[in-house]
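Where a number appears in this text, it was derived from the coordinates with a stated rule and is not lab data. Please read all numbers here as calculations on a predicted model, not as lab measurements. Backbone-built Cβ (ideal geometry, glycine too); neighbour counts: all protein chains shown.
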Amino acid sequence: MATQIFVNIPVKDLDKSVTFFTQLGYTFNPQFTNEKATCMIISDTIYVMLLTVPFFQTFTTKEIVDARKAVESIICLSADSKDEVNAMVDKAVAAGATVPNPATDYGFMYQHSFEDLDGHHWEFVWMDPNGAPEHVG
């Protein structure tokens, strides 16, 4: 079985977050959805658990970062083309997201990002594996 990833992020308003991500084309697993959380399906192996802040807090004793003030992570997903990258960011903006930075084109790699309703940083990237330099960084 392929390894699955479940990214857990806190959200202030679960219903608004579901509406936002639905507008981006994502669906949710009703089997793992209630008033505290929902499981957003990215792919067959990638899921994002949207958890209300109080429920998220039950999983940690640490302070929850306010993603509007500090970055706790950057969630980066691949896309099949530059056009798909731009389309996802455009959908996000239409649904209420903000764009923290302009798109970046490295030739072999193109990336663009948005911040969701809670300030979580999402990035979409297209890469040409044949055009990548031997070492990046």
If you check PHE56 against the conditions, is it more than 15 Å from the chain's Cα centre (by Cα) and crowded, with 17+ Cβ neighbours inside 10 Å?
-> yes
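To keep it simple, each residue is scored yes or no on (1) closer than 22 Å to ILE41 by Cβ; (2) small (Gly, Ala, Ser); (3) exposed (fewer than 14 other Cβ atoms within 10 Å of the Cβ).
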position: ALA67; (1), (2), (3): yes, yes, no
position: ALA70; (1), (2), (3): no, yes, yes
position: ASP80; (1), (2), (3): yes, no, yes
position: VAL85; (1), (2), (3): yes, no, no
position: MET88; (1), (2), (3): yes, no, no
position: ALA97; (1), (2), (3): yes, yes, no
position: PRO100; (1), (2), (3): no, no, yes
position: ASP105; (1), (2), (3): no, no, yes
Residues of the range 6-52 satisfying the condition of being in contact (Cβ under 8 Å) with a residue 40 or more places away in the chain, of a type in the set (Asp, Glu) and closer than 24 Å to ARG68 by Cβ | ASP13
If you go through the range 17-42 one residue at a time, how many are out of contact with any strand residue (DSSP E or B) (no Cβ under 9 Å at 6 or more places or on another chain) and loosely packed, with under 13 Cβ neighbours inside 10 Å?
-> 2
